[in-house]
Amino acid sequence: MYNGDIMALRCPIVSVLGHVDHGKTSLLDRIRTTRVTTREAGGITQHIGASEIPIGTIKKVSKDLLNIFKADLSIPGILVIDTPGHEAFTSLRKRGGALADIAILVVDINEGFKPQTIEAINILKQCKTPFVVAANKLDKISGWNSINGPFITNFNEQKQHPNALTEFEIKLYENVIAPLNELGFEADVFSRVKDTTKTINVIPVSAMTGEGIPDLLIIIAGLAQKFLEQKLGLNVEGYAKGTVLEIKEEKGLGKTIDAIIYDGIAKAGDYIVIGNPDGVITSKVKALLKPKALDEMMDPRDKFKPSKQIVAATGVKISAPDLDMVIAGSPLRIVSKSEIESAKEEIVQEIEDFEITLDDEGIIIKADTMGSLEALATELRKKNVKIKKAEVGEINKKDVIEATSYAMSNPYNGAIIAFNTKVLNDAKVEIEKNDVKLFEDKIIYKLVEDYEDWIKEMEEALK
Ligand code: GDP
């Protein structure tokens, strides 16, 4: 049973987004290897699907920068989701928005904004997720002098004299700050943080050399602390609430769920309630598992250790029977027996939030998770695209047969849009035989664009 007296602050959950190859994975790796080389070394705590950087570690690595913040940092640390990209971000949802409290948008300072950068910003705007921009690959700028640091003290002044600008300053302005301004954000390098909610902090970093990483960490901690002060709920309260990250088969355990718990406390022996498009799944928790540290591993196959209790925010592997129908991105609760019914009600409501209103006629859309399906539907709705069927899952033969029949009444409806999901072989065979157009991609923006191009082509052809 949950002990109501415990009222701890939880770690803010942080997600990394950005265009392909701009350095999301490298940046995450760099953050995950943040170490303090003192005797009382603070390290990183590995969770399932996430890494926790304790506030002590952040304070130590960022000690020169601490004076930027007048406020004390009382959060326990930050929890960074290990899977980068907007697919993970959109899958990890909770009622009323994104699971991540804060996002890091990675932009290659040499390349600037790309389609996925803009797509990520749209998703962040939609979810009202505050973010910082990591202007990455600083080391690639010729003549970059790390001794002077990535601080620009009089940028606006220098802008009046273009000849005095360094290559770094020009790139930062043209590739990062100006595009952010165009999208309606006030943006600034962090040394001149303004206290307006629309100001985006831009932090020049190099995932390769590690430069700027302490700055990035302390800015995120500061941003999270600001939320705390605005009482935006970083308290740990009640039973565990979370989202399914992945379903994984584990040797000796069978099907397990990797989940991120964003609120509350769970105990081994509690019950698990999970939402599914077809209903609610209830099961009894066999074990709440955490990864073993390397020195605890007697046998490399023996990777997990059970916990009696887990506290948000955390990543956990859950072993329980009857998990076959669980899908990624589903809402989840871990509750005592007496709380099962109220948790079920809560989950049903949450699933309803995800439901997409369908049109009498239109196309078929499919995606890997409920969150990504909703994100795809939202983008298509903006372009007035009608949707007849929206489902989580792979493209199968039935989908193609249905699309074929939709096309008969209106050729524009003979399309299937597949976001981040597989097309089964029998569906491929069926597509060959029929007049159905399939759009497949991992980028929503690209799918919408390709669909619009196809419509234009059809209009030309039908003239
Ligand atoms: P992702 O697709 O956004 O996850 O990007 P990756 O992290 O895989 O990085 C793409 C490429 O850029 C890789 O070859 C990295 O080694 C390289 N890269 C990432 N960060 C940096 C950086 O700070 N400096 C330099 N020079 N290269 C980087």
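Just checking, how many residues over region 186-203 are modelled with pLDDT of 75 or more and within 21 Å of the chain's Cα centre (by Cα)?
Number of matching residues: 4.
Answer yes or no: is there a residue in region 107-123 that is within 28 Å of Gly315 (Cα to Cα), within 15 Å of the chain's Cα centre (by Cα) and in a strand (DSSP E or B). Scanning region 107-123 turns up no residue that is within 28 Å of Gly315 (Cα to Cα), within 15 Å of the chain's Cα centre (by Cα) and in a strand (DSSP E or B).
With respect to (1) under 24 Å from the mean Cα position of the chain (by Cα); (2) closer than 17 Å to Tyr445 by Cβ; (3) surrounded by fewer than 18 Cβ atoms within 10 Å (Cβ to Cβ), the lone exception for Gly371 is condition (3). Of all residues in region 77-106, those satisfying the criterion of being small (Gly, Ala, Ser) and more than 12 Å from the ligand (Cβ to nearest atom) are Gly77, Ser91, Gly96, Gly97, Ala98, Ala100, Ala103. Scanning region 376-388 turns up no residue that is at pLDDT below 95, among the small types (Gly, Ala, Ser) and assigned to a strand (DSSP E or B).
Given the criteria at pLDDT below 85, crowded, with 17+ Cβ neighbours inside 10 Å and in contact with an Asp or Glu (Cβ under 9 Å, 6 or more places away or on another chain), does Phe304 qualify? Against the criterion (at pLDDT below 85, crowded, with 17+ Cβ neighbours inside 10 Å and in contact with an Asp or Glu (Cβ under 9 Å, 6 or more places away or on another chain)), Phe304 does not qualify. If the condition is being hydroxyl-bearing (Ser, Thr, Tyr) and touching a strand residue (DSSP E or B) at 6+ places or on another chain (Cβ under 7 Å), then region 421-463 contributes Thr421, Tyr451.
Restricted to region 304-352, the set of strands (runs of 3 or more DSSP E) holding at least 3 residues that are in contact with a helix residue (DSSP H, G or I) (Cβ under 9 Å, 6 or more places away or on another chain) and closer than 18 Å to Thr282 by Cβ comprises 331-335. Exactly one residue among Gly97, Gly77, Gly85, Gly42 is in contact with a Leu (Cβ under 7 Å, 6 or more places away or on another chain) and modelled with pLDDT under 95, and that residue is Gly85. Do we find that Ala418 is surrounded by 15 or more Cβ atoms within 10 Å (Cβ to Cβ), assigned to a helix (DSSP H, G or I), touching a residue at least 12 places away in the same chain (Cβ under 8 Å) and touching a strand residue (DSSP E or B) at 6+ places or on another chain (Cβ under 7 Å) in this structure? So Ala418 does not fit the description; no. In region 399-411, the residue that is nearest to Ile327 (Cα to Cα) out of those that are surrounded by fewer than 19 Cβ atoms within 10 Å (Cβ to Cβ), in contact with an Asp or Glu (Cβ under 9 Å, 6 or more places away or on another chain) and not aliphatic (A, V, I, L, M) is Thr404. Please enumerate the residues belonging to region 308-327 that are of a type outside the set (Lys, Arg), surrounded by fewer than 22 Cβ atoms within 10 Å (Cβ to Cβ) and over 16 Å from Glu250 (Cβ atoms). Of everything in region 308-327, those that are of a type outside the set (Lys, Arg), surrounded by fewer than 22 Cβ atoms within 10 Å (Cβ to Cβ) and over 16 Å from Glu250 (Cβ atoms) turn out to be Gln309, Val311, Met325, Ile327. Contact map, region 91-106: residues that are under 29 Å from Met208 (Cα atoms) and assigned to a helix (DSSP H, G or I) paired with residues that are at pLDDT below 90 and acidic (Asp, Glu), Cβ distance under 9 Å, separation 6+ or inter-chain. Pairs shown: Ser91/Asp368.
The values are calculated or read from the model by the stated rules, or taken from the named source; none is laboratory data. Bear in mind that the values here come from a model prediction, so they are computed numbers and not experimental data. Note that each Cβ is placed from the backbone with ideal geometry, even for glycine, and that neighbours are counted across all protein chains shown.
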